[in-house]
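Peer 1: I'd like to ask you about the structure that follows.
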Amino acid sequence: MDLLEIAVADCGYTGKVKYAMDPASSEFFRDDGSYDLGFKDKVPNVLSSLQLQQLYSRLITKYPIVLLEDPFAEDDWESWAMFNKTCPIELVGDDLLVTNVERVQMASKKKACNSMLLKVNQIGTVTEAIEA
């Protein structure tokens with residue numbers, strides 16, 4: 001993010017560029033409910049859901065982030081719902097919702113996110129995507 005800020009400034013676009021993030025957190029979610037940010041380096045950097053929420057909040061405060069997609073694992077409904085209570089930006093469910101009617105209804109009931117990524121190829125047909 002710091003490098004992006006430098007690049008934006010070097011190009012003369014400070015204040016004109018906003019960021020969207022897709023951490024794809026299901027990739028580093030652990031069976032115990034924690035998140036290992038060091039999973040690729042094989043050097044554990046394990047955060048609880050609450051610590052991860054705090055990290056996202058700091059990033060949102062520090063950088064011009066306007067959209068956060070899949071910040072938690074696809075079945076970590078509790079973390080999604082807790083974070084959505086205070087998240088000041090678009091909180092997008094992609095892996096969470098997978099353009100699936102039942103999952104969209106569940107997310108609505110749990111107030112897990114405030115927007116969705118609609119992908120026809122996830123559900124199969126245009127009709128099913130419209131239903132979702």
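Peer 1: Take the residues in the range 1-44 that are assigned to a helix (DSSP H, G or I) and within 16 Å of the chain's Cα centre (by Cα); name whichever of them is surrounded by the most Cβ atoms within 10 Å (Cβ to Cβ).
Peer 2: Checking each candidate, the answer is 25.
Peer 1: So residue 102 clears everything in (1) at pLDDT 95 or above; (2) closer than 30 Å to residue 132 by Cα; (3) not in a loop (DSSP other than H, G, I, E, B) except one condition, right? Which one?
Peer 2: (1)
Peer 1: While we're on this one: Can you tell me which residue within the range 53-94, out of those that are among the aromatic types (Phe, Trp, Tyr) and part of a helix (DSSP H, G or I), is surrounded by the most Cβ atoms within 10 Å (Cβ to Cβ)?
Peer 2: Looking at residues that are among the aromatic types (Phe, Trp, Tyr) and part of a helix (DSSP H, G or I), I get 80.
Peer 1: Which of the residues spanning the range 121-132 are surrounded by 13 or more Cβ atoms within 10 Å (Cβ to Cβ) and either closer than 25 Å to residue 50 by Cβ or among the hydrophobic types (A, V, I, L, M, F, W, C) (or both)?
Peer 2: If the condition is that a residue be surrounded by 13 or more Cβ atoms within 10 Å (Cβ to Cβ) and either closer than 25 Å to residue 50 by Cβ or among the hydrophobic types (A, V, I, L, M, F, W, C) (or both), then 123, 129, 132 are the ones that fit.
Peer 1: Something else now. Failed condition for residue 118, given (1) touching a Phe, Trp or Tyr at 6+ places or on another chain (Cβ under 9 Å); (2) surrounded by fewer than 18 Cβ atoms within 10 Å (Cβ to Cβ); (3) aliphatic (A, V, I, L, M), with all others met?
Peer 2: (1)
Peer 1: Anything in the range 91-132 that is farther than 27 Å from residue 60 by Cβ and of a type in the set (Asp, Glu)? List them, or say none.
Peer 2: Matches in the range 91-132: 102, 128, 131.
Peer 1: Next up: Which ones in the range 105-114 are surrounded by 21 or more Cβ atoms within 10 Å (Cβ to Cβ) and part of a helix (DSSP H, G or I)?
Peer 2: Let us first name the residues in the range 105-114 that are surrounded by 21 or more Cβ atoms within 10 Å (Cβ to Cβ), namely 107, 112-113.
The answer is 107, and nothing else.
For (1) more than 14 Å from residue 79 (Cα to Cα); (2) modelled with pLDDT of 95 or more; (3) aliphatic (A, V, I, L, M); (4) out of contact with any strand residue (DSSP E or B) (no Cβ under 8 Å at 6 or more places or on another chain), each residue gets a yes or a no:
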{"position": "13", "(1), (2), (3), (4)": "yes, yes, no, yes"}
{"position": "17", "(1), (2), (3), (4)": "yes, yes, yes, yes"}
{"position": "22", "(1), (2), (3), (4)": "yes, yes, no, no"}
{"position": "32", "(1), (2), (3), (4)": "no, yes, no, yes"}
{"position": "35", "(1), (2), (3), (4)": "no, yes, no, no"}
{"position": "44", "(1), (2), (3), (4)": "yes, no, no, no"}
{"position": "53", "(1), (2), (3), (4)": "no, yes, no, yes"}
{"position": "59", "(1), (2), (3), (4)": "yes, yes, yes, no"}
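Peer 1: Write out, first by first residue and then by second, each pair whose Cβ atoms fall under 8 Å of each other, whose residues are 6+ apart or on separate chains, and whose first residue, in the range 44-61, is in contact (Cβ under 8 Å) with a residue 40 or more places away in the chain while the second is outside any helix (DSSP H, G or I).
Peer 2: 59/1; 59/21; 59/65
The values are calculated or read from the model by the stated rules, or taken from the named source; none is laboratory data. Quick caveat, the model's predicted, so the values are computed rather than measured. Reconstructed Cβ throughout: ideal geometry from the backbone, glycine too, with neighbour counts over all protein chains shown.
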